[in-house]
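Down below is the structure, laid out as structure tokens.
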Amino acid sequence: MKDEANMSAGQTTVDPSEVAKFEAMAAEWWDPTGKFKPLHMMNPVRLDYITSQIAAEFGRDLSDDKPFAGLRILDIGCGGGLLSEPMARLGADVVGADAAERNIPVAQVHAEQSGLDIDYRFTTAEALAVAGEQFDVVLNMEVVEHVADPLSYLTACQQLLKPGGLMVCSTINRNPKSFMVAIVGAEHVMRWLPKGTHEWDKFITPDELGNLITESGLRLVDKQGFVFNPILWSWSISSRDLSVNYVTASVKAA
């Protein structure tokens, strides 16, 4: 496991070619029919999973007005703020960070229009770790398949967590089905995403991600699948089907 002392501000797992893809789409983050349509469609189940995991880990009642008050949450790879904004509405102190510079003003303007105070930053997980930032929760959603070195990246995320902290990490499985669904289906047939958004060989199996999480210094406590039903045209959470999109929860020792 990497020692935090060995991390320098100049080290990063950012892949410039991956950043360029998302910068090119930055203006469309809040268009539910645009290039981020899949995320808008998936967002309700992502939020259900995230909020339930945070509530369970920190003993919060989701029926309260501001159940996450007092919690500091990092949304790494925040994009336009699709997750940062709901966390802020639930009372959390939110930092949204992204390595794609053009995403930040989009997120800032939308948060201001929504009356939300969110600390958006053009930075990386590694830079935040070097600066000694600490969070109760790290939301690491659909990012790990885009970085150059997943273990180094996850290690930085682990360093960003306070003892007893929670990381929620989602990504895409690597198998023939995920190639057909996430690349052929989403990019070529439905054209939900620009061609080349995903690279199949960068997808990570649940076992591989579990091993990386453990090696980074965290303990895996849960994993579930996000499943799309093309008949009902809706997403759901499944404990059995992790064949394409899936999510994990892991904790740092107290």
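The values are calculated or read from the model by the stated rules, or taken from the named source; none is laboratory data. Predicted model only: the values in this text are computed from it and were never measured. Glycine also receives a Cβ, built like all others from the backbone with ideal geometry; neighbour counts cover every protein chain displayed. Note: areas computed on protein heavy atoms with side chains; ligands, DNA, RNA excluded. Shrake-Rupley method; radii C 1.70, N 1.55, O 1.52, S 1.80 Å.
What the table below lists for this structure:
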item	result
Top of GLU126, GLU57, GLU112 by mean-square fluctuation, Gaussian network on the chain, Cα under 10 Å	GLU112
Residue of VAL94, VAL181, VAL244 that the Gaussian network model of the chain assigns the largest fluctuation, springs spanning Cα pairs under 10 Å	VAL181
Simple label model, 7 Å out from Cα along Cβ direction - MET41 to ASP117, nm	3.8
Apportionment of accessible area to carbon and sulfur, the chain, percent (1.4 Å)	54
Segment THR214-LYS177, length gained on full extension (0.36 nm per residue, minus Cα span)	10.7 nm
Surface accessible to a 1.4 Å probe, per residue, for the residues of the chain, Å²	43
ALA253-PHE58 pseudo-label distance in nm [points 7 Å out on the Cα-to-Cβ vector]	2.4
Label-to-label distance, nm, for residues given as ARG89 and ARG102 (7 Å Cα→Cβ offset)	2.7
Under 5 Å, built H, 5+ apart or other chain: amide partners of LEU161	PHE135
SER114, SER170, reordered so the largest accessible area comes first (probe 1.4 Å)	SER114, SER170
Dipole magnitude (debye, nearest 20) for region 16-252, charges at Cβ of Lys, Arg, Asp, Glu	500
